[in-house]
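Quick notes on the structure that follows.
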Amino acid sequence: MHCLKRLLMVAFHFPPMAGGSGIQRTLRFVQHLPALGWQPLVLSADPRAYVQTATDLLPDVPPGTVVQRAFTLDTARHLSVRGRYFGWMARPDRWMSWQWSAVRDGMRLIEQFKPDAIWSTYPLATAHLIGAKLQRKSGLPWVADFRDPMAQEDYPADSATWQSFKRIEELAIRQAAACIFTTPSAARAYKTNYPHAAARMHVLENGFDEETFASLTAQVCSAGPLNPGKVTLLHSGIVYPSERDPSHFLAALALCLQQDRLPRQSVRVRFRAAIHEDMLGTLIQKYGLQDVVEMVPNLPYRAALVEMMCADALLVMQAAKCNAQIPAKLYEYLRAGRPILGLTDPSGDTADTLRTAGIKSIAPLNNATQIADLLPDFLARVKNGQAELPLENVVHAASRRTRAQALGSLLDQLTQKQPSN
């Protein structure tokens, strides 16, 4: 019998953590890699570290998967006194305590299971610290999955945290056998900044899980429209104050309603699990949109997918400062097969992905005038069934299984000169 190679996967975002699309990236790799010759060993955090937990995704972890949950504390919740703590206690992030127990537990996993490679995934910077330390101690090839850029021009805002991000970034570029980015622009930027490591940089985008979507068909057929008799535009996921600022969109919506360019009684906008609901609520009140805009709480993952597929249209928001990033949720939007309104910089990677998929309804997130010019026509075409839908061939290429095949091929290349354990 062919023996699987083993991959030690360092991932903070993993079930039972709730919220955040990053959970899906690791979880679906764990599901699909065994069929490609790689058996994952997951090194994650103790559930006490998660702000929210949910059990709905735990059954998706394949039976028999080794999952080691290392002791972790959240500085803000577990180590603060009256809500205050020293800055160094949250650098590079609030879960920096994870590194000590995770390195110890990781070495035990390496000694017991003898993996062939290590993989760690950002945006929790501590994960890359763990990956680097395990690589140095074991000598195994390490894949640093950056997902998003780390030390950016204006992020993190705190200079000391930015410096810690920069040090970890440089450590990963220097030490990792491969560095993975989720967008072409991010990879190009890193190749420019670190030309000596350009050959070790790769693009592996996010995606959607076809098996999960296919299993929901019956639920979608029985669910019906979100708001019968009304065109509902859904934004599913976190609304950030700067990176996904909804203020210009809501201003444009209010303007269209005031000018009778949209029928108030037949339009609804739904924000699902926005998190920053105080900010959103203030804007809704400011523009008098209480009867048009809905704020609704978090749903289990599959229920959220059903809602996407039942929506009349989907809303994606991404600021120009994030042109080198693509919201992971966008790939699930594409698979949902609904019309999409893209509020993002037309020159960014999010807009490129939308256009490649045949989506043309795009306006800058920070331009209320252009949004107001686009919105009435878009919603009218949605209502009449004339809005463009994502192209099937582009959607198919974005499945998590396809992404896992690319990761498996990269791992094979990195370990082909090393015998399997």
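The values are calculated or read from the model by the stated rules, or taken from the named source; none is laboratory data. The model shown is predicted, which means the values in this text are computed figures rather than measured ones. Cβ atoms come from the backbone with ideal geometry, glycine included; neighbour counts cover every protein chain shown. Keep in mind that these areas ignore ligands, DNA and RNA; they rest on the heavy atoms of the full protein, side chains included. Shrake-Rupley method; radii C 1.70, N 1.55, O 1.52, S 1.80 Å.
Within the stretch 130-159, the set of residues being open to solvent by 20 Å² or more (accessible area, probe 1.4 Å), assigned to a helix (DSSP H, G or I) and under 21 Å from residue 100 (Cα atoms) comprises 133, 135, 136, 137, 138. For the stretch 241-271, the set of residues classified as outside any helix (DSSP H, G or I), touching a residue at least 40 places away in the same chain (Cβ under 8 Å) and either within 28 Å of residue 302 (Cα to Cα) or open to solvent by less than 60 Å² (accessible area, probe 1.4 Å) (or both) consists of 242, 243, 244, 245, 246, 262, 267, 268, 269, 270, listed by residue number.
Take the conditions (1) open to solvent by less than 10 Å² (accessible area, probe 1.4 Å); (2) polar (S, T, N, Q); (3) over 20 Å from the mean Cα position of the chain (by Cα); residue 344 misses just one of them, which is (3). Can you confirm whether the stretch 381-397 contains a residue that is open to solvent by less than 80 Å² (accessible area, probe 1.4 Å) and over 28 Å from residue 225 (Cβ atoms)? The answer is yes, given that some residue of the stretch 381-397 is open to solvent by less than 80 Å² (accessible area, probe 1.4 Å) and over 28 Å from residue 225 (Cβ atoms). The residue list 408, 348 contains one member that is farther than 20 Å from residue 183 by Cβ and out of contact with any Asp or Glu (no Cβ under 9 Å at 6 or more places or on another chain), which is 408. Considering 288, 237, 224, the condition of being at positive phi, more than 25 Å from the chain's Cα centre (by Cα) and at pLDDT below 95 is satisfied by 224 alone. Would a scan of the stretch 315-335 turn up a residue that is open to solvent by 60 Å² or more (accessible area, probe 1.4 Å), modelled with pLDDT of 95 or more, farther than 30 Å from residue 396 by Cβ and out of contact with any strand residue (DSSP E or B) (no Cβ under 6 Å at 6 or more places or on another chain)? Checked the stretch 315-335: no residue is open to solvent by 60 Å² or more (accessible area, probe 1.4 Å), modelled with pLDDT of 95 or more, farther than 30 Å from residue 396 by Cβ and out of contact with any strand residue (DSSP E or B) (no Cβ under 6 Å at 6 or more places or on another chain).
Residues checked against (1) surrounded by 14 or more Cβ atoms within 10 Å (Cβ to Cβ); (2) at pLDDT 95 or above:
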site: 14; (1), (2): yes, yes
site: 17; (1), (2): yes, yes
site: 28; (1), (2): yes, yes
site: 50; (1), (2): yes, yes
site: 82; (1), (2): no, no
site: 87; (1), (2): no, no
site: 104; (1), (2): no, yes
site: 108; (1), (2): no, yes
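Residues that are assigned to a strand (DSSP E or B) and either hydrophobic (A, V, I, L, M, F, W, C) or more than 17 Å from residue 121 (Cα to Cα) (or both) within the stretch 40-70 comprise 41, 42, 43, 45, 53, 66, 67, 70, listed in sequence order.
Taking every residue in the stretch 146-168 that is closer than 17 Å to residue 187 by Cβ and pairing it with any residue that is of a type outside the set (Gly, Ala, Ser) and modelled with pLDDT under 90, at least 6 positions away or on another chain, the pairs with Cβ-Cβ distances below 7 Å are 147/123; 148/123.
For the stretch 91-104, a residue qualifies if it is more than 22 Å from the chain's Cα centre (by Cα) and in a helix (DSSP H, G or I), and the qualifying residues are 99, 100, 101, 102, 103, 104.
Figure legend. Inter-residue proximity from the stretch 274-297: first residues under 19 Å from residue 256 (Cβ atoms), second residues open to solvent by 70 Å² or more (accessible area, probe 1.4 Å) and assigned to a helix (DSSP H, G or I), beta-carbon distance below 8 Å, spacing 6+ or different chains. Indicated pairs: 291/264; 292/264.
Scanning the stretch 186-223 for residues being in contact (Cβ under 8 Å) with a residue 60 or more places away in the chain, open to solvent by less than 30 Å² (accessible area, probe 1.4 Å) and small (Gly, Ala, Ser) gives a total of 2.
Across the stretch 71-85, which residue is farthest from residue 162 (Cα to Cα) among those that are in contact with a Ser or Thr (Cβ under 9 Å, 6 or more places away or on another chain) and part of a loop (DSSP other than H, G, I, E, B)? This residue is 71.
If I filter the stretch 303-313 for residues that are small (Gly, Ala, Ser), touching a residue at least 24 places away in the same chain (Cβ under 8 Å) and within 25 Å of residue 146 (Cβ to Cβ), do I get at least one hit? Scanning the stretch 303-313, I find no residue that is small (Gly, Ala, Ser), touching a residue at least 24 places away in the same chain (Cβ under 8 Å) and within 25 Å of residue 146 (Cβ to Cβ), so the answer is no. Considering the stretch 262-285, the residues that are among the β-branched types (Val, Ile, Thr) and within 30 Å of residue 23 (Cβ to Cβ) include one that is modelled with the lowest pLDDT, namely 275.
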